[in-house]
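The structure appears right after this line, and notes come after that.
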Amino acid sequence: MSVIETSRMSRIRTNAAALSAAQKPSRGTAAYSRYVNRPLGRRVAAVAAAFGVTPNQATAVSATLSFSGLLLLCLAEPGLGVGVGVSALLAAGYVMDSVDGQIARLTGTGSRSGEWLDHTVDCFKTCSFHLAVLISFFRFPPVESDWALLVPVGFQIVDMVTFFGLIMMPLLRQGVDASAPSADPPLENPLRTWAILPTDYGIFCWVFVLMGWPALYFAGYTALFAINAVVLAVVLRKWWRELKAMDR
């Protein structure tokens, strides 16, 4: 092994150790993101940073992988192979979506422009995800009913409102007096991370492996839509009560 390779391996190990000690809080994170996506992102970021990859380059790779998966979903006739390909591309894009932030923390190169780019790509992805499913359902109906087309339409609405709330709520909370004393948050129920698993984008990515069985694929996708709609209704009520309390 050359001196350069030895030095790079040492840098990768150092990066991995540094990232392990500088992770975002996992509270409120669903199981897939917590136990699969973030650990994978940390390992990829440790290697990528050693090769000089920047956060914005990682974001570009994430966008390329994600939209390649959505394009395949739109164009290819459903089947097990296509479904695995779509899921793998989307899941890999999700890993890289974690990598950009990890590299930024590791190298101290975080920036407003980089954060804007990351959120903009996320917004494009959120806008496109269920539209791609709608196109696929229209071209290759998984069940014999035109009503099936309403499921991705409804899922699109739920996802966009959820995305808006997740972006907007932190901005509204900035107006609250940070110096005011507040009670420590209650301990998180260990089952919560699994209970909210159906809301995790990582689970959305892997539902397409069911494309080899159209009826099962449609049932799985529809179940995710129904669960996310219920969760959104609960969260909207929670956010409204929080904002009314701030007003008082």
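Read the figures in this text as sums done on the coordinates, not as results from a lab. None of the values given here were measured: they were computed from a predicted structure. Quick reminder, even Gly has a Cβ in these numbers, built from the backbone with ideal geometry, and neighbours come from all protein chains shown.
The table for this structure:
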| quantity | calculated |
| --- | --- |
| Length added when fully stretched, Phe124-Ala18, from 0.36 nm per residue minus Cα-Cα | 35.0 nm |
| Contact order relative to length of the range 102-248, as percent, for alpha carbon pairs under 8 angstrom and 6 or more apart | 25 |
| Taking all pairs of distinct alpha-carbon atoms in the chain, Kirkwood radius in angstrom | 19.9 |
| The range 47-110 - convex hull of the alpha-carbon atoms, volume per residue in Å³ | 68 |
| Proxy reagent accessibility, fewest Cβ within 10 Å first, across Asp146, Asp118 | Asp146, Asp118 |
| Gained length - Phe163 relative to Met9, 0.36 nm times residue gap less alpha-carbon distance | 51.6 nm |
| Residue-averaged [θ]222 nm for the chain, counting only DSSP H segments that reach four residues, each worth -39500 (n - 2.57) | -24500 deg cm²/dmol |
| In nm, spacing of pseudo-spin labels at Thr109 and Ala229 (7 Å Cα→C-beta vector) | 4.4 |
| Relative contact order (%) - criterion: Cα under 8 Å, at least six apart; region: the range 55-135 | 45 |
| Gaussian network model of the chain, springs between alpha carbon atoms under 10 Å - residue of Gly52, Gly85, Gly69 with greatest fluctuation | Gly52 |
| Segment Leu236-Ser68, extension gain: residue separation times 0.36 nm, minus the distance between their alpha carbons | 57.2 nm |
| Length-normalised contact order of the chain in % [C-alpha pairs under 8 Å, at least 6 apart] | 26 |
| Cα-based Rg of the range 119-248 normalised by 2.2 N^0.38 Å, two decimals | 1.28 |
| Calculated from backbone phi, Karplus (6.51, -1.76, 1.60) coupling profile of the range 49-65 in Hz, x at Gly/Pro | 5, 5, 9, x, 5, 8, x, 5, 5, 5, 4, 5, 5, 4, 5, 4, 5 |
